[in-house]
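Undergrad: Could you have a look at this structure, given as structure tokens, before my questions?
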Amino acid sequence: KDGGWEKFDKLVFVSYWQQQQYANYLGVPYEAGVVLKNAIEPFKPEEIAKTNPEEDGLRLIYHTTPHRGLELVLPIYDALYNEYGDRLHLDVYSSFSIYGWEQRDEPYKELFNQLEKHPGVTYHGAKTNEEVRDALEKAHIFLYPSIWQETSCIAAIEAMAAGCVVVCPNLAALPETCANWAFMYSFNEDKQAHANTAYGAIKNAIEDLKK
């Protein structure tokens, strides 16, 4: 605020959405910034090993921190599991301990426990990026009912690069990040309505992959 941006030669943003927020809410002129989008280490096509969804079932994954929507993942997936049974499996890689913030996991302990007890879920906690990337190479769908306004989403970028279908809302920079290649649905502030809409979107993704 108050011209603080003038102290810098350029402000660097990771998405055009982020730059727009600075312009709209803080009055930072567009000419004061530049957008340099996030990048990832490319996946090697020969190492991406998806199984046949119709013959071997579908693997879903959630691989980002808990506060971004993990609380919606469990009820959405549980409803899917009740319908498809062990044709589905969900791998969850999620914990603030990846950043050394173990104390921030406390509000999610019960959720972690429920995930660990679910017969169709493997809760991995925090793992290295290498291990997560290995899992993405085998996964079919990134289930991401995001409730967090992100400036860019590296988790979605890596999932798409690994050949996963991304199911997510049109929240914040996700439309820009996914470039219209996701199974995207309208975000809803009401979490129950959000979960219901996400359930429909992921069912469409599942049926599409089964074709």
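Undergrad: Could you list, in sequence order, the residues of the stretch 185-200 that are touching a strand residue (DSSP E or B) at 6+ places or on another chain (Cβ under 8 Å), surrounded by fewer than 21 Cβ atoms within 10 Å (Cβ to Cβ) and in a helix (DSSP H, G or I)?
TA: Result: Thr197, Gly200.
Undergrad: If only one of Leu136, Leu209 is under 26 Å from Phe43 (Cα atoms) and either open to solvent by less than 10 Å² (accessible area, probe 1.4 Å) or modelled with pLDDT of 95 or more (or both), which one is it?
TA: On the way: Leu209 fails: either open to solvent by less than 10 Å² (accessible area, probe 1.4 Å) or modelled with pLDDT of 95 or more (or both).
Just a single option satisfies the conditions, and that option is Leu136.
Undergrad: Report, ordered by the first and then the second residue, all pairs with beta carbons closer than 6 Å, sequence separation of six or more or different chains, a first member in the stretch 139-155 that is under 23 Å from Asp190 (Cα atoms) and among the β-branched types (Val, Ile, Thr), and a second member that is open to solvent by 10 Å² or more (accessible area, probe 1.4 Å) and not in a loop (DSSP other than H, G, I, E, B).
TA: Thr151/Gln18
Undergrad: Right, here's the next one. Would you check which residues across the stretch 161-184 are at pLDDT 95 or above, open to solvent by 20 Å² or more (accessible area, probe 1.4 Å), under 27 Å from Thr51 (Cα atoms) and not small (Gly, Ala, Ser) and list them?
TA: Val165, Thr177, Phe183, Met184, listed by residue number.
Undergrad: Of the residues Tyr16, Tyr99, which single one is out of contact with any Leu (no Cβ under 8 Å at 6 or more places or on another chain), closer than 29 Å to His194 by Cα, modelled with pLDDT under 95 and open to solvent by 40 Å² or more (accessible area, probe 1.4 Å)? Reasoning before the result, please.
TA: Numbers: Tyr16 fails: modelled with pLDDT under 95.
Result: Tyr99 is the single residue among Tyr16, Tyr99 that is out of contact with any Leu (no Cβ under 8 Å at 6 or more places or on another chain), closer than 29 Å to His194 by Cα, modelled with pLDDT under 95 and open to solvent by 40 Å² or more (accessible area, probe 1.4 Å).
Undergrad: Tell me, please, whether a residue that is under 19 Å from Ala182 (Cβ atoms) and out of contact with any Ser or Thr (no Cβ under 6 Å at 6 or more places or on another chain) can be found in the stretch 102-109.
TA: So the first thing to find is which residues in the stretch 102-109 are under 19 Å from Ala182 (Cβ atoms), and the list is none.
No: the stretch 102-109 contains no residue that is under 19 Å from Ala182 (Cβ atoms) and out of contact with any Ser or Thr (no Cβ under 6 Å at 6 or more places or on another chain).
Undergrad: When the stretch 20-53 is examined, which residues are found to be loosely packed, with under 14 Cβ neighbours inside 10 Å, hydroxyl-bearing (Ser, Thr, Tyr) and more than 30 Å from Arg87 (Cα to Cα)?
TA: Hits for the stretch 20-53 are Tyr25, Tyr30.
Undergrad: On to the next question. Scan the stretch 1-18 residue by residue and report those that are closer than 27 Å to Ala159 by Cβ and in a loop (DSSP other than H, G, I, E, B). Before the answer, list the steps.
TA: Step one: list which residues in the stretch 1-18 are closer than 27 Å to Ala159 by Cβ, which gives 12-18.
Result: Val14, Ser15.
Undergrad: Just checking, how many residues over the stretch 19-43 are out of contact with any Ser or Thr (no Cβ under 8 Å at 6 or more places or on another chain), within 21 Å of Ile157 (Cβ to Cβ) and among the hydrophobic types (A, V, I, L, M, F, W, C)?
TA: 5
The values are calculated or read from the model by the stated rules, or taken from the named source; none is laboratory data. Keep in mind the model is a prediction, meaning the values are calculated, not measured. Methodologically, a virtual Cβ is constructed for each residue, glycine included, from the backbone with ideal geometry; neighbour enumeration extends over all protein chains shown. What goes into the accessible areas is simple: the full protein's heavy atoms, side chains included, and nothing from ligands, DNA or RNA. Shrake-Rupley method; radii C 1.70, N 1.55, O 1.52, S 1.80 Å.
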